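See structure below.
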Amino acid sequence: MLGIFSLWTYRNTTKTTRMPKETMKDQRLLPLYNKSGLPETPQQIPKKPGDTPQQTHPRRVYIETYGCQMNVSDSELMAGILTQSGHQTVTHIDDADVVLVNTCAIRENAETKVINRLQHLNHRKRRQPELIIGVCGCMAQHLRDRLLEAAPYVDLVMGPDAYRNLPIALDSLIRDEEAHISLKDRDPFLGLRLDKTEDYADIAPIRKDGIRAWLTIQRGCDKMCTFCIVPFVRGRERSIPLKLLVEDVQKLVDQGFKEVVLLGQTVNSYHDNGSDFGDLLFAVGEVNGLERVRFTSPHPADATDSMIEAMASSATVCKHLHLPLQSGSTTVLERMRRTYTAEEYRTLVAKLRERIPNIALSTDIIVGFCGETDEEFEQTYRMMADIRYDSAFMFKYSEREGTLAHKALPDDVPETVKGQRLKQIIELQEQIAADINTAAIGRTVTVLVEGESRRDADKYHGKTDSFKTTVFPKVDSKIGDVVNVCVDSTTAHTLIGQIIDG
Ligand code: SAM
């Protein structure tokens, strides 16, 4: 059974002052409180959209998303839950009565950005006192009380497993507002219980129309890399049943989407009753009318033969793999608890390139992780130079409170050294990416047309199978078509060309 009783939320609407921080922490796991301050029976959070109570006072909700694609997908889920209960999502903040900031906690600067944004929203709230401000997502889960100290005007703090409670939370806040309980006398609505059974499999997200749809196939993470906050803010790994996912993909195709991106924190550790990620890729690849399927982010340790086989043999599965390396040094990888060595990673890349000769590879790299020596950094640099990724996301290590590294490993690489190392690999990667692009000149690439070019209304842009942005004149094509483009020039990150006959 899904954990409908486990996701309790604290709210006490009768208090005239904010609760002391410690009391709030203790009460957070208690059942919902009623108006007289007495605990009600545990709140039953509706598990099916049809069961969601309809709002008598619908609100217009603006959702602002920070961070990874998983957060974008969660925002779509939140929009689904809210719409189902009678609220309306709006695309402009000026039209909103409620602003939900869906946050990221992966690096410190992501959190700083959100705090700055909340300060800005507080100015808006001064002009529009009835405005409800909610902080959702990973940072809500990570910072909890500190967030409320930094932004005491926030009305709602909700972690990634509590979104079913959004209608209940808004209802409660609206009742406060209607009872004219002043801002300073209200306690925020907290929904921070992680629920290892929550997969939102029954919720229909509200997506923007387009060509590409993001589909969460798995939530949480069991890997426990020492640098990473994800398992602490998103909880344990859980997969959505394969049959439901295939049905979802068919629905997406019926709605007009041409490409589906399967999402998970370690997407390829997906499993369902004996089926693994390779089986899922094959099954999704067979869905009638689907042009392309991609996925992100896989973990190298879970790159099984079945996954590689599905990538190699299904025409629908794109030949692009984002394969986070993090470090090219085995000793750093050990400290990161990545569960593979640099040599094993190289062997995996060789195997992928042998089986899928045109595969495009991208990666994530962290420099300056705890204790990283010059030699260990050099190993990362050499690895990137050898593998020659098509693209890379590169980061300075950012210590995250609560992670295993924060508890056990000193963050001892000076900021200036982290900065120099990052600069070095960015320069290397820019050169490699430019060379790979230049080598494409004169070749024909297959492009799924996504939309009008921002710079030139006579041109379209789209992505190749290998996820390279391509720009070309519109002639005889429309959005959603798959066209052949002969590349005649490139910029650092874009291919430019002309449509040619199949
Ligand atoms: N779950 C994915 C995995 O580990 O394969 C990655 C998820 S995370 C959103 C994306 C990237 O952020 C990671 O691959 C890593 O390179 C980077 N990252 C995560 N924690 C970090 C930290 N504490 N400091 C710097 N970069 C970090």
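For the reader, a short list of remarks on this structure follows.
- Of all residues making up segment 466-480, the number that are among the charged types (D, E, K, R) and surrounded by fewer than 16 Cβ atoms within 10 Å (Cβ to Cβ): 2
- Filter result for VAL471 (more than 16 Å from the ligand (Cβ to nearest atom), under 17 Å from ASP488 (Cα atoms) and touching a residue at least 12 places away in the same chain (Cβ under 8 Å)): yes
- Scanning segment 80-136 for residues that are farther than 23 Å from GLN265 by Cα and in a strand (DSSP E or B), we see that the one that is farthest from the ligand (Cβ to nearest atom) is GLN88.
- Answer residue from segment 217-259, given it is farther than 13 Å from LEU280 by Cβ and among the β-branched types (Val, Ile, Thr) and is farthest from the ligand (Cβ to nearest atom) among those: VAL253
- Qualifying positions in segment 358-399 - assigned to a strand (DSSP E or B), over 18 Å from MET336 (Cβ atoms) and among the polar types (S, T, N, Q): SER362, SER391
- Residue match in segment 92-105 (condition: open to solvent by 50 Å² or more (accessible area, probe 1.4 Å), of a type outside the set (Gly, Ala, Ser) and modelled with pLDDT under 95): no
- Filtered by the rule that a residue be open to solvent by less than 30 Å² (accessible area, probe 1.4 Å) and either touching an Asp or Glu at 6+ places or on another chain (Cβ under 8 Å) or among the polar types (S, T, N, Q) (or both), segment 433-465 gives ALA433, ASN437, VAL445, LEU448, VAL449, SER453, TYR460, GLY462, THR464.
- Taking the conditions (1) within 30 Å of HIS142 (Cβ to Cβ); (2) out of contact with any Leu (no Cβ under 8 Å at 6 or more places or on another chain); (3) open to solvent by less than 70 Å² (accessible area, probe 1.4 Å); (4) not acidic (Asp, Glu) in turn, LYS407 satisfies each one other than (3).
- Residue count, segment 253-292 (criterion: open to solvent by less than 10 Å² (accessible area, probe 1.4 Å), outside any loop (DSSP other than H, G, I, E, B) and in contact (Cβ under 8 Å) with a residue 40 or more places away in the chain): 7
- Candidates are the residues of segment 357-366 that are surrounded by fewer than 19 Cβ atoms within 10 Å (Cβ to Cβ) and of a type outside the set (S, T, N, Q); the one that is nearest to the ligand (Cβ to nearest atom) is ASP364.
The rows are residues; the columns are (1) over 24 Å from ALA179 (Cβ atoms); (2) surrounded by 15 or more Cβ atoms within 10 Å (Cβ to Cβ); (3) modelled with pLDDT of 95 or more.
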residue: LYS48; (1), (2), (3): yes, no, no
residue: THR52; (1), (2), (3): no, yes, no
residue: GLN55; (1), (2), (3): no, yes, no
residue: ARG59; (1), (2), (3): no, yes, no
residue: TYR62; (1), (2), (3): yes, yes, yes
residue: GLU76; (1), (2), (3): yes, yes, yes
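- All positions within segment 231-252 that are in a helix (DSSP H, G or I) and either open to solvent by less than 10 Å² (accessible area, probe 1.4 Å) or of a type in the set (S, T, N, Q) (or both): VAL233, ARG234, LEU245, VAL249, GLN250, LEU252
- Criterion: open to solvent by less than 20 Å² (accessible area, probe 1.4 Å) and either modelled with pLDDT of 95 or more or away from the ligand (no atom under 11 Å from the Cβ) (or both) - qualifying residue of ALA301, ALA310, ALA315: ALA310
Residues are listed down the side, and each one gets a yes or a no for (1) polar (S, T, N, Q); (2) buried (at least 17 other Cβ atoms within 10 Å of the Cβ); (3) part of a helix (DSSP H, G or I):
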| site | (1), (2), (3) |
| --- | --- |
| GLU149 | no, no, yes |
| VAL154 | no, yes, no |
| ASP161 | no, yes, no |
| ASN165 | yes, yes, yes |
| SER172 | yes, yes, yes |
| LYS184 | no, no, yes |
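- Summed over segment 370-404, residues that are in contact with a Leu (Cβ under 8 Å, 6 or more places away or on another chain), within 11 Å of the ligand (Cβ to nearest atom) and open to solvent by less than 20 Å² (accessible area, probe 1.4 Å) total 1.
- Residues that are within 14 Å of the ligand (Cβ to nearest atom) and assigned to a loop (DSSP other than H, G, I, E, B) within segment 411-428 comprise ASP411, VAL413, listed in sequence order.
The values are calculated or read from the model by the stated rules, or taken from the named source; none is laboratory data. The structure presented is a predicted model; accordingly, all values stated were derived computationally and were not measured. Heads up, the Cβs are rebuilt from the backbone with ideal geometry, glycines too, and the neighbour counts pull from every protein chain shown. Just the protein is used for accessible areas: all its heavy atoms, side chains included, with ligands, DNA and RNA removed. Shrake-Rupley method; radii C 1.70, N 1.55, O 1.52, S 1.80 Å.
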